[in-house]
Amino acid sequence: MANHDIGNTNRAIDAAAPDRPLTERWRQPLPERDASHAGPGPVVAGNRILVVWTREDGSDSSTRMLVTYDLFTGEPGWQVALSPDQGPFDSAYLTGGRLLLDDGNGSLSGFDPTDGTKQWNTTLSGLDKSKSEAGRPIPSDDRLYGIRYGDGTDGSSKDAILTALGKEGHVCSKTTATFDDFVSVTAAGHDRLYFGGSELHSYDLQADEFIWQRSGPTRAESLVVGSDRIFVGWTRSGDQSGAIGAYDPTDGSVLWERTGDETTRPYWPQTMSVGDETLLVGEQLGPDGFQIVARVAATGEQLWSVETSRTATPVIADDVVYVAQDDSEIGPSLGLYDLESGQEIARHSLPAIASDPVIASGHVLLIARDSEYGDFQLVGFR
């Protein structure tokens, strides 16, 4: 059973890489889904694909379903209705033998991925829900960590409560903290949790306490955990260019930092993926441009770049980079690039782009759309 990528590496570390040349095997229409609530991308459990979808039935009602498809054929399997008072769901994870759904507002639910049976639901508590927000939860081994934060007593900082949940959704522990601002990105690795906002915070899972924090140049937009360091993409702010940096997980000290080149176009690092020795950064280049830049993970030195017309998260499997693109000249497609050189290996046309690729058990999956308001399709490659 595939596990959640807790370090946000966007690397298929627990799955066989797809064969080459890659071939589209099937396309399967998905149930109607509201354009504003397309839901999280597909999750793979064994030979089963799980997809959450939402249909708005009116101003005050909606239908939410958990539907399944066969990984090899795309044929529909079982489906179950989800509670209408939950969702729409922002994210879905598969970890510890359970499917976790997060509604983005502190309500977390656990499901049996074999039959869709709801096992538990927990709402993060400790702060007034009407005056607080919930950050993205972090699955880590046999625990799930959820964070809620609200205005602090001084009016400028944020009071936060980190809640550790067990496999059945029960509360194991709660830890309080104070942040300068809200949390925008999270990740886990090195027996620690990491929280990025205007500051970067580290929480030790063994000691159950926050152990260090460091200020950032702007606000953290992306955060990934490498084998021996943390990588953070800091968003552009006003006239200040974005920045990327590598930091020591033990104390947060700077290993290297790089800012945008004002003589060309200041970049805005929005997504990151990391392999053994290479860091991939998805950078905004002004209002319309976008590029994926490969850098040496140890130094930040640029290796190669590929321009696209869409904010995309590159996914790494072995030495191949998979990118869902929507280029004005070649149209929507799935592009494959050599990780070392950036050379294009292959390109596969798609009806439209609606999700970044998911790689599992030698398959590449993504959700595409016929048009801006058309039907969604689940597309399978192998």
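The values are calculated or read from the model by the stated rules, or taken from the named source; none is laboratory data. Just so it is clear, the model here is predicted, and its values are computed rather than measured. Every residue, glycine among them, receives a Cβ derived from its backbone with ideal geometry; neighbour counts consider all protein chains shown. Ligands, DNA and RNA are stripped out before the accessible areas are found, and what is left, the full protein with its side chains, is counted by its heavy atoms. Shrake-Rupley method; radii C 1.70, N 1.55, O 1.52, S 1.80 Å.
Annotations for the structure displayed:
- Test: residue in segment 302-324 that is at pLDDT below 80, assigned to a strand (DSSP E or B) and either under 30 Å from ALA246 (Cα atoms) or of a type in the set (Val, Ile, Thr) (or both): yes
- Residues in segment 14-39 that are modelled with pLDDT under 70 and closer than 13 Å to LEU366 by Cα were compared, and the one that is surrounded by the most Cβ atoms within 10 Å (Cβ to Cβ) is GLY39.
- Of all residues in segment 138-154 being buried (at least 19 other Cβ atoms within 10 Å of the Cβ) and under 15 Å from GLY126 (Cβ atoms), the one that is modelled with the highest pLDDT: TYR145
- All of SER202, SER184, SER215 fail the test of being within 24 Å of the chain's Cα centre (by Cα), open to solvent by less than 10 Å² (accessible area, probe 1.4 Å) and either free of Cβ contacts under 8 Å to residues at least 40 places away in the same chain or under 27 Å from THR122 (Cα atoms) (or both), apart from SER202.
- Segment 187-199: number of residues that are part of a strand (DSSP E or B) and open to solvent by 10 Å² or more (accessible area, probe 1.4 Å): 3
- A residue that is in contact (Cβ under 8 Å) with a residue 12 or more places away in the chain, part of a loop (DSSP other than H, G, I, E, B) and touching a Lys or Arg at 6+ places or on another chain (Cβ under 8 Å) occurs somewhere in segment 357-374.
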